[in-house]
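Undergrad: Mind having a look at this structure? Questions to follow.
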Amino acid sequence: MDSKEFKKFREKLNKTQKQMAQLLGVSIKAVHSYEQGWRNIPANVERQMFFLLSRMDGNPKDRKPCWVIKKCPTETKKQCPAWEFQAGELCWFINGNICCGDACMDWADKMKCCRSCKVFKSFF
Ligand code: SF4
């Protein structure tokens, strides 16, 4: 997530910088820095931001799980943490999913995969 996207999402959440800092558990200075591009946005902050966006009003809570949308075969599901933890609507939140082949080992790799996925795009 870059600084412009961070600001856009904060505004979408209808939060001031101070409110956003409280929600993210960071200082208001950190929020300023993210929006000015002085600091990179850490993975945990990005994850939290996406989580809040996914819970906004207007996002249906009765979504189909990702394995239904993507028609994952049983063998694939058995290896996938989203299936193991029954988190088909929050699959993008969990690391180690196998949607793009091998399990992504870090958040940045995972986000590259998720950002091109229709499940993720349907939220954001
Ligand atoms: S690529 Fe990401 S958003 Fe898509 S199904 Fe896999 S974990 Fe979910």
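Undergrad: So how many residues does the range 6-21 have that are loosely packed, with under 14 Cβ neighbours inside 10 Å and assigned to a helix (DSSP H, G or I)?
TA: Final tally of qualifying residues: 4.
Undergrad: Restricting attention to the range 81-115, which residues are part of a loop (DSSP other than H, G, I, E, B) and more than 10 Å from the ligand (Cβ to nearest atom)?
TA: Phe85, Gln86, Gly101, Asp102, Ala103, Met105, Asp106
Undergrad: State all residues of the range 80-124 that are closer than 17 Å to Ser54 by Cα and touching a residue at least 60 places away in the same chain (Cβ under 8 Å); if no residue qualifies, say none.
TA: Met111, Phe123, Phe124
Undergrad: What residue, among those in the range 59-79 that are in contact (Cβ under 8 Å) with a residue 12 or more places away in the chain and surrounded by 14 or more Cβ atoms within 10 Å (Cβ to Cβ), is farthest from Lys12 (Cα to Cα)?
TA: Residue satisfying both the conditions and the ranking: Thr76.
Undergrad: Please verify whether the range 26-40 includes one or more residues that are in a loop (DSSP other than H, G, I, E, B), touching a Cys at 6+ places or on another chain (Cβ under 8 Å) and in contact (Cβ under 8 Å) with a residue 24 or more places away in the chain.
TA: No, every residue in the range 26-40 fails to be in a loop (DSSP other than H, G, I, E, B), touching a Cys at 6+ places or on another chain (Cβ under 8 Å) and in contact (Cβ under 8 Å) with a residue 24 or more places away in the chain.
Undergrad: Looking at the structure I just gave you, is Pro60 outside the structural domain of Met111 (by TED's automatic domain parsing), closer than 28 Å to Cys99 by Cβ and at pLDDT below 95?
TA: yes
Undergrad: Now, a different point. Working only within the range 81-99, note down all residues that are surrounded by fewer than 17 Cβ atoms within 10 Å (Cβ to Cβ) and under 13 Å from the mean Cα position of the chain (by Cα).
TA: Result: Ile94, Asn95.
Undergrad: If the requirement is being more than 8 Å from the ligand (Cβ to nearest atom) and basic (Lys, Arg), which of these qualifies: Lys118, Lys78, Lys70?
TA: Criteria check complete, one pass: Lys78.
The values are calculated or read from the model by the stated rules, or taken from the named source; none is laboratory data. Only a predicted model underlies this, so the values are computations on that prediction, with no experimental measurement involved. We place every Cβ from the backbone using ideal geometry, glycine too, and count neighbours over all the protein chains shown.
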